[in-house]
């Protein structure tokens, strides 16, 4: 696990196969993440879905516990971003389109806003 600093905050980055789980998006995405999630239970989590280096609009995003229990079902917006809030813990984030999919493991803590980048790979039929 590698710790990096982004705008003075500790952020975590973990490589998981070809999928990158990263706490830290572009400055615009970070602002959107933190401002667009209202107060509610849990901590802010921004999920950014990419394919071939470009954001994926309208991707299906599912958040599950490590044991496979569904937690959230979301869709990315026009910029490939889906915002939510989650309780502290470990989760699997899966993103899919009709032709690509990807997944990432993410840990939510009470001390750091979390951003997850899921890089999709084309599916083979």
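Annotation note: Cβ proximity below 6 Å between a residue of the range 60-86 that is at positive phi and in contact (Cβ under 8 Å) with a residue 12 or more places away in the chain and a residue that is surrounded by 15 or more Cβ atoms within 10 Å (Cβ to Cβ) and assigned to a strand (DSSP E or B) (sequence gap 6+ or interchain) occurs for 80/48; 80/49; 80/55. Residue selection: residue 82 satisfies the criterion of being assigned to a strand (DSSP E or B) and crowded, with 17+ Cβ neighbours inside 10 Å. Residue 111 meets all of the listed conditions (1) modelled with pLDDT under 95; (2) closer than 14 Å to residue 47 by Cα but one, namely (2). Sub-9 Å Cβ pairs linking a first residue in the range 107-125 that is free of Cβ contacts under 8 Å to residues at least 60 places away in the same chain and at negative phi to a second residue that is surrounded by 16 or more Cβ atoms within 10 Å (Cβ to Cβ) and outside any strand (DSSP E or B), at least 6 apart or interchain, are 123/97, ordered by first then second residue.
Here residue 55 meets the list (1) more than 10 Å from the chain's Cα centre (by Cα); (2) crowded, with 19+ Cβ neighbours inside 10 Å; (3) at pLDDT 95 or above almost entirely, failing just condition (2).
Yes or no: residue 68 out of contact with any helix residue (DSSP H, G or I) (no Cβ under 8 Å at 6 or more places or on another chain) and part of a loop (DSSP other than H, G, I, E, B)? Against the criterion (out of contact with any helix residue (DSSP H, G or I) (no Cβ under 8 Å at 6 or more places or on another chain) and part of a loop (DSSP other than H, G, I, E, B)), residue 68 qualifies. Looking at the range 90-112, can you tell me whether even one residue there is part of a loop (DSSP other than H, G, I, E, B) and touching a helix residue (DSSP H, G or I) at 6+ places or on another chain (Cβ under 7 Å)? The answer is no, given that none of the residues of the range 90-112 is part of a loop (DSSP other than H, G, I, E, B) and touching a helix residue (DSSP H, G or I) at 6+ places or on another chain (Cβ under 7 Å). Of the residues in the range 11-22, not one is exposed (fewer than 11 other Cβ atoms within 10 Å of the Cβ), modelled with pLDDT under 50 and over 21 Å from residue 122 (Cα atoms).
The values are calculated or read from the model by the stated rules, or taken from the named source; none is laboratory data. Computed from a prediction, not measured in an experiment: that's the story for all the values here. When we count neighbours, we look across all protein chains shown, and the Cβ atoms used for this are built from the backbone with ideal geometry, even at glycine.
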